[in-house]
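First the structure, in the form of structure tokens, and then the observations on it.
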Amino acid sequence: MSIEIECMACGRESLLKREPRYEGFKKVGETLTCASCGHEYASEEEVPFKQKAAPKVFDASDAPRTIKVFRENEAETLCRHCKHFVVNPFLQRCGKHGRIVEATDSCRDFEKKVLPKI
Ligand SMILES: [Zn+2]
């Protein structure tokens, strides 16, 4: 797996080259260099790793406008209002059934999520 960096020497998005460093036949560490300009980083802490941007689940442009068509009692059992509904950047799932669900699914085992008081 290649590791993406934003090199501070050449300013480009590049890849980190990781090569073992030997003293005689003994491995003494690793050489960390920028694949595009060859700048060497002294240690892992100095490497400007590229931040992984979390994929957006959705943005305003594709939020359904039809959400209002749900009747009140239907809307109340939507998975997104359920305490078993688990959201992470990649998928939404039901913690109770261990399956992938949509926020707009509803479920007979619906249990209303109680929002913590702040
Ligand atoms: Zn570079």
Strands (runs of 3 or more DSSP E) contained in the range 1-53 and holding at least 1 residues farther than 30 Å from Phe90 by Cα and out of contact with any strand residue (DSSP E or B) (no Cβ under 8 Å at 6 or more places or on another chain): 13-23, 26-34
Count - residues of the range 18-46 that are within 10 Å of the ligand (Cβ to nearest atom) and either under 24 Å from the mean Cα position of the chain (by Cα) or among the hydrophobic types (A, V, I, L, M, F, W, C) (or both): 3
Yes/no for Ala53 being modelled with pLDDT under 90, surrounded by 13 or more Cβ atoms within 10 Å (Cβ to Cβ), small (Gly, Ala, Ser) and away from the ligand (no atom under 16 Å from the Cβ): no
Selection count where residues are surrounded by 15 or more Cβ atoms within 10 Å (Cβ to Cβ) and of a type in the set (Val, Ile, Thr), scope the range 1-35: 2
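The values are calculated or read from the model by the stated rules, or taken from the named source; none is laboratory data. In this text the structure is predicted, and so the values were computed from the model without any measurement. Glycine also receives a Cβ, built like all others from the backbone with ideal geometry; neighbour counts cover every protein chain displayed.
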